[in-house]
Structures are given as C-alpha cells and as structure tokens.
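All remarks here apply to the structure that follows.
Here, each number is a calculation from the coordinates, and none is a lab measurement. Here the structure is a predicted model, which means the values were calculated and not measured. Positions of Cβ are generated from backbone atoms using ideal geometry, with glycine treated the same way; all protein chains shown enter the neighbour counts.
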Amino acid sequence: MEGRSFIGVGLAIGIAVGTAIGIAMDNLAIGIGMGVAIGMGLGVALDAAQQKKAGGAERDRRNDGSNAGVYGSDGGRSKDDGSDGNGSDGGSDGGGGDGGGGGD
C-alpha cells in the first residue's frame, strides 16, 4: 500500500465516534473536537505501524553492516560528548572542577 495514508480513515472514524459522544453529552462541538483528536491519533498510529512494517526490509537493505556512527566518515566515533578526559566540565567558568571540598 505504498503512497496510502490512514489519517483520513482515522479522521472519519474519529469524527463518527466523536459525534456520537457529543450527542450523548449534549455538546456536539466538544464531541467532534474529541473525535478529530482521537481520529488523528489513530490515523498517525496506523501510518506508523504501516511504515514500520513496510520499512523493515528497506532498513535491512540500507544497512551495510558498518558501524559508521553519527557521521559517515568518522570511523565509528559518534559526536563528541564532552568526555575528553581532561577534566573540563564544559561550563562557561573555564574551570575543570577538582571535586575537592576544601576546608580543614
């Protein structure tokens, strides 16, 4: 089902359910609003499930087995996380922090 989206189906079902809820609560505007929210959530969830199901083969085909990390040419290293071992805390004070408490 390439190119199809379940958002419209979810909206239709949600608005129908929301209309029923709105009539039961005697507040049609809130019921339809709830239906739109429920329908969008349902449609997006169905789309995500469809893409996950269809995308599994695509992901396997794209995975060449290399561990390239975040950037393709960095030899498996990911973006710098600040743990460079020199004791800098990355703060604006320029101090590395010695962990000592001072005092007697």
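Numbers for the structure displayed
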| quantity | calculated |
| --- | --- |
| Spin-label model distance (nm) - SER5 vs ALA37, 7 Å beyond Cα toward Cβ | 2.2 nm |
| Pairwise FRET efficiency - GLN51 versus MET25, Cβ, R0 = 35 Å, nearest 0.05 | 0.50 |
